[in-house]
Each structure stands twice: as structure tokens, then as C-alpha cells.
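Trainee: Could you have a look at this structure, given as C-alpha cells, before my questions?
The values are calculated or read from the model by the stated rules, or taken from the named source; none is laboratory data. Since the structure is predicted, the reported quantities are computational estimates derived from the model, not experimental observations. Glycine also receives a Cβ, built like all others from the backbone with ideal geometry; neighbour counts cover every protein chain displayed.
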């Protein structure tokens, strides 16, 4: 199949004829960030850290919360300016290396961490707002990930990033692309704020309903003191799984992994499924607790299984555990087996069920919003792939 009229074939693929292509080394000068002892952090000069870059594609003054004590010479050496692009330099996985974010406001006496790289523009070929998006196409992400090194941690540097080629539309088209993507970012940000608000409302309801400070209409009986061990059976997950590893298929039984807030795993191997349902899942690493009523596979021994004793609403107890304070026991882990004697107050089964239903209704509303958020994020990803490669043009008269 021939190349579509108005397009040209270059090393990185097919792009519009009026677009350029340049290496990151021809667009930016890269610099490593500073490293200081932990005693210097927590006060002094604002510093851009790894999390500031990783969390979102733009950095504003209000986002820079870290502080570090430096000399005037060090501040000058590692200064930050409006328009600087930062890339995550190192992480536990290659997929988290080279994530970018751009400073879109004037900043004063601000520096950057050694866990990120500063890319300072050598010319005016890239629009400020366009920088928020242009390093996130699948091609460029694949290039960054494939070129990083890995020993105990994944690592990239300015020399490796400098070799990566990116397409460059004319400035008016860059501005049109950035505007379109900023519009959907606005919708995403509004949804994120709404979800956070709904979660805070639910947390407030949990603190009142699960402690008896507020009672649902029609309930007046005294609550009983019980140990967690009186309410739940604690079971080791390996009692219900085999040592045989099975292929994971995303369309089949989901995988629950530890230390990731029970995100469905994408591992290629996992244990057999757990079928004695419903259960409560407890994560030793985070104390994250989840009521589960579907078949699942277990990847980690850090996940513990909790099943009900008589006259217990699992949904109620799952919520109750979430507001119960736990103390670290060993090696940054929380062992549910050590907490069987923790005393909690619980109402009768009927009130437990009513409270659980009220909180479940709130969860359903949050889940619906999160599904809508994921939909918008997927739309944005699709738009980026089309607009940042020139497959769809936003400038009148463009092919």
C-alpha cells in the first residue's frame, strides 16, 4: 500500500509532509539533578521530586511541595525555569522511566532531584503546552523503555534520551493539538475532583456509621464488643491454591496482587483460583481490605483470606477493618493474624447489613464515576495517538 498523499515516510514512521523530525538531543540540553543527604530535606528551597513529574504532565508552583537546604551556588547550578521538561530518570520498572512533565509557570529559587532529568530547550521549536503531550505517544514510550538500562533498577540518562526522534508539527498545529488535549484533560480533572469529594463523603459516613456515632433510622439497640477473631476466620491463602502455575488470560479469572491496592494483575503466571466465596481480602503490606464476591487468582502470599463466622455481614466487617488502626509488626508488613484480639464494637446482623448497604450504594456511585474517568482517559489516549502522529489534522487546509 502506498503512502497517503500529503504524507512522507521517515525513520520513525509516516508523518505529514509539512512536519519536521528532530532528535531530543537537538531540542534539549539534559542535566542530572542534585543528590543530598536526608538531613538536608524538609526545609529550605523548593525541589521538584520524582512524584511531581510522574503524577501529571504539567508542574505548577503549587504542586512543588518538597524542600531542600542548599547554598546559593547549588541553587544556581540546579535551577528550574518555566518551560523546562523533566523526565523520570530511574525506577523499579522500565515502564516508569522517562515519564515527562513540563513546568508551565514561572518559578523562583526552585531546584530538581537526582531522580529526574532536566531537559532545557535549545530552541523554540516546541510550544509550551505541546510539551505536556508530545513525549507520550506509544512509539516514543517504546523507544524510551527499550533504550533504558536495567541492573537492580531501570535507568535512563540524557545521552540515551538524546537519540530519540520525535515528529514536530508547525507551531500553530502544536497549539491546536495542545488545546484539544487540554480540553479533555479539563474533563478528567473535574472527574478526579468529584471522585475525591465522593470518597471523602464516604469516609466521613464510615467514621460515623461504623462506630455508632450516627445510627440509621429504626435502629436503637446496644452494640456488642467483639474481637476480630470472634467475627472472622483467618485463613492462609495457600490452603486453597496449588503450587502449579497457570497461564494468565486477561479475559478469564482476574488476578489480585498485593501492595497495589488490589489492582487486577497482568502477570503471565499465577496460582489456581480461590472459589470459597464471598471473602475479605487483606493485604499485609498496606492493610488494604476488599470484599470479594467473584472468582480470583492469588499472586502473593501477602494476601490473606478472611471468611465469616456466624451472624456476620462481611461487607460491614470489610468496611470496619478499613477504619481500624493497625501497627507495623515486622519488615514494613501488617499481619492480620496478629490482630485477632483487637476489640471492635458491632451492632446486630440486621443493622450491620443496613450500614453495609448504605456504604455499598456510595461505592456504586464512586465506581460509576471511575468507569467514566477510565473512559475519558482511553479517549485521551486515542486522541494523542491520532493527533501527535498527524493521522488526524486540526489545522484548516491540512491533508
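Trainee: Does the stretch 107-119 contain at least one residue that is in a loop (DSSP other than H, G, I, E, B), in contact with a strand residue (DSSP E or B) (Cβ under 9 Å, 6 or more places away or on another chain), in contact (Cβ under 8 Å) with a residue 40 or more places away in the chain and under 20 Å from residue 145 (Cβ atoms)? Steps first, please.
Mentor: Within the stretch 107-119, the first condition is being in a loop (DSSP other than H, G, I, E, B), and the residues that meet it are 107-110, 114-115.
Now narrow it down to the ones that are in contact with a strand residue (DSSP E or B) (Cβ under 9 Å, 6 or more places away or on another chain): 107-110, 114-115.
When the remaining residues are screened for being in contact (Cβ under 8 Å) with a residue 40 or more places away in the chain, the result is 107, 109-110, 114-115.
This time we only want the ones that are under 20 Å from residue 145 (Cβ atoms), so: 115.
Yes, the stretch 107-119 contains a residue that is in a loop (DSSP other than H, G, I, E, B), in contact with a strand residue (DSSP E or B) (Cβ under 9 Å, 6 or more places away or on another chain), in contact (Cβ under 8 Å) with a residue 40 or more places away in the chain and under 20 Å from residue 145 (Cβ atoms).
Residue by residue, here is whether (1) touching a helix residue (DSSP H, G or I) at 6+ places or on another chain (Cβ under 7 Å); (2) without any contact (Cβ under 8 Å) to a residue 12 or more places away in the chain holds:
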| site | (1), (2) |
| --- | --- |
| 142 | no, yes |
| 153 | no, no |
| 158 | no, no |
| 181 | yes, no |
| 187 | yes, no |
| 191 | yes, no |
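Trainee: Between 36, 67, which is over 14 Å from residue 165 (Cβ atoms), modelled with pLDDT under 95 and surrounded by 13 or more Cβ atoms within 10 Å (Cβ to Cβ)?
Mentor: Just a single option satisfies the conditions, and that option is 36.
Trainee: Next question. Can you confirm whether the stretch 313-322 contains a residue that is part of a loop (DSSP other than H, G, I, E, B), surrounded by 18 or more Cβ atoms within 10 Å (Cβ to Cβ) and modelled with pLDDT of 85 or more?
Mentor: Yes, the stretch 313-322 has at least one match.
Trainee: Let me ask another. Taking the stretch 191-218, which residues are in a loop (DSSP other than H, G, I, E, B) and loosely packed, with under 15 Cβ neighbours inside 10 Å?
Mentor: 211, 213, 214, 216, 217, 218
Trainee: Which members of the stretch 79-93 meet the condition of being over 17 Å from the mean Cα position of the chain (by Cα) and in a loop (DSSP other than H, G, I, E, B)?
Mentor: Answer for the stretch 79-93, where residues must be over 17 Å from the mean Cα position of the chain (by Cα) and in a loop (DSSP other than H, G, I, E, B): 79, 80, 81, 82, 83, 84, 89.
Trainee: Residues 370, 365, 351: which one is closer than 21 Å to residue 256 by Cβ, modelled with pLDDT of 95 or more and touching a helix residue (DSSP H, G or I) at 6+ places or on another chain (Cβ under 9 Å)?
Mentor: From the options 370, 365, 351, the qualifying one is 370.
Trainee: Let me confirm something: among 164, 140, which residue is in contact with a strand residue (DSSP E or B) (Cβ under 8 Å, 6 or more places away or on another chain), farther than 23 Å from residue 49 by Cα and crowded, with 16+ Cβ neighbours inside 10 Å?
Mentor: Selected residue: 164, the only one of 164, 140 that is in contact with a strand residue (DSSP E or B) (Cβ under 8 Å, 6 or more places away or on another chain), farther than 23 Å from residue 49 by Cα and crowded, with 16+ Cβ neighbours inside 10 Å.
Trainee: Can you name every residue in the stretch 120-161 that is within 25 Å of the chain's Cα centre (by Cα) and assigned to a loop (DSSP other than H, G, I, E, B)?
Mentor: If the condition is that a residue be within 25 Å of the chain's Cα centre (by Cα) and assigned to a loop (DSSP other than H, G, I, E, B), then 128, 133, 134, 135, 136, 137, 148, 151, 152, 153, 156, 157 are the ones that fit.
Trainee: Next up: Considering 131, 125, which residue is crowded, with 22+ Cβ neighbours inside 10 Å and modelled with pLDDT of 95 or more?
Mentor: 131
Trainee: Which pairs turn up if I take residues in the stretch 43-66 that are part of a loop (DSSP other than H, G, I, E, B) and look for partners that are loosely packed, with under 15 Cβ neighbours inside 10 Å with beta carbon separation below 8 Å, at least 6 apart in sequence or on another chain?
Mentor: 60/105
Trainee: Scan the stretch 324-347 and give yes if some residue there is at pLDDT 90 or above, part of a helix (DSSP H, G or I) and closer than 29 Å to residue 221 by Cβ, otherwise no.
Mentor: Checking the stretch 324-347: not a single residue is at pLDDT 90 or above, part of a helix (DSSP H, G or I) and closer than 29 Å to residue 221 by Cβ.
Trainee: Look at residue 70 and say whether it is closer than 22 Å to residue 39 by Cβ and either assigned to a strand (DSSP E or B) or over 25 Å from the mean Cα position of the chain (by Cα) (or both). Spell out how you get there, then give the answer.
Mentor: Working: closer than 22 Å to residue 39 by Cβ: yes; either assigned to a strand (DSSP E or B) or over 25 Å from the mean Cα position of the chain (by Cα) (or both): yes.
When the stated conditions are applied, residue 70 passes them.
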